[in-house]
Amino acid sequence: MKLPTYFISHGGGPWPYMPEMQASNTALAASLAGIPAQIGRKPEAILMVSAHWETAGTFKVMSASKPGMVYDYHGFPAHTYEVRYPAPGAPGLADRVLQLLRAADLPVQKDSQRGFDHGAFVPAFVMYPDADVPMVQLSIDAQYDPERHLALGRALAPLRNEGVLIVGSGLSYHNLRRIYGGGAAASAQFDAWLQQTLLHSPVEQRGQLLRNWENAPAARLAHPREDHLIPLMVAAGAAENEAAACVYHEALAFAGITASSFRFGPAA
């Protein structure tokens, strides 16, 4: 059975490990916790494309059998720098990713040292708290070319028939300088464009619209750096001709912004 793909808004920092942040992320938590039921089976592995791993010149794929942790956040309580998400890696999946990307003439290398960053372990913990699904991370390219990442998704598409859940992990709005002032209007305008583009535009036009995302209303106010948007291109590219659904939406998320997550392909 072919699995759908996802672009998720992963929230701020290590929020599932902090009771004071859990209270303001109940809708996000429910959406992530609902993904296993949507796909209808436990995946063989998760391929996580996190906004928090950028590489230049080549894509990199995690190949460790027991990945460590990358605490890539700042100013949080001491215990959040000691959390562990002990999901195993999947060296065989890393080899398969290399095979697919090289066949598509996309440069790729293994990385045996990379651990799980919070764009990966935070949503994975909510989705699979028992850490019983192997997980591999794949980097994004630091030049943020939309077409390159749509092509990356296309190359990875066969994994969907092999029991691999492809997840692009970012945020539908990511302008931290304005999130506490001025972010509400920009996030709402950009989110409306996302909803129109992903849910209501013909699928054959979706790729072109995503390539031209900078023309969207409030695009650069929502994403001054598009690192948290680029994982969307991978998820969409891997399900290029399939309908999308909004699986999470809040108009007052986090610091009062609009945020959304999307599934590509049907639920089980």
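Every number in this text was worked out from the coordinates using simple rules, so none of it is lab data. Just so we're clear, the structure is a prediction, and the values are computed from it rather than from any experiment. Using ideal geometry, Cβ is built from the backbone for each residue, glycine included, and neighbour counts are taken over all protein chains shown.
Some values worked out for this structure:
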| item | result |
| --- | --- |
| Neighbourhood charge, 9 Å Cβ-Cβ cut-off, centred on Tyr144 and excluding it, Lys, Arg +1 and Asp, Glu -1 | -3 |
| Inverse mean reciprocal Cα-Cα distance (Kirkwood Rh) of segment 1-63, Å | 14.3 Å |
| Globularity ratio of segment 1-115, using Cα Rg and 2.2 N^0.38 Å | 1.21 |
| Equivalent ellipsoid semi-axes, segment 5-264, via Cα gyration tensor eigenvalues times 5, rooted, Å | 25, 23, 17 |
| Per-bin percent of Cα-Cα distances, segment 58-151 [10 Å] | 16, 42, 32, 9, 1 |
| Karplus 3J(HN,Hα) series, Hz, for segment 2-15 with 6.51 cos²θ - 1.76 cosθ + 1.60 (x for Gly, Pro) | 6, 8, x, 10, 9, 10, 10, 7, 8, x, x, x, x, 4 |
| Equivalent ellipsoid semi-axes, segment 156-203, via Cα gyration tensor eigenvalues times 5, rooted, Å | 30, 16, 5 |
| Full-stretch length increase - Arg102, Cys246 - with 0.36 nm per residue and alpha-carbon distance subtracted | 48.6 nm |
| Cβ-Cβ FRET estimate between Asn212 and Ala267, R0 fixed at 30 Å, reported to 0.05 | 0.55 |
| Segment 122-268, Rg to Rh (Cα coordinates; Rh as Kirkwood inverse mean 1/r) | 0.95 |
| Rg/Rh for segment 208-264, where both radii come from Cα atoms and Rh is the Kirkwood radius | 0.97 |
| Theoretical FRET efficiency, 1/(1+(r/R0)^6), r = Cβ-Cβ of Ala37 and Ala157, R0 22 Å, to 0.05 | 0.40 |
| Residue-by-residue Karplus 3J(HN,Hα) for segment 247-258, coefficients 6.51, -1.76, 1.60, Hz, glycine and proline x | 10, 7, 7, 9, 8, 10, 7, 6, 9, x, 9, 8 |
| Calculated from backbone phi, Karplus (6.51, -1.76, 1.60) coupling profile of segment 216-225 in Hz, x at Gly/Pro | 5, x, 6, 4, 7, 6, 7, 9, x, 10 |
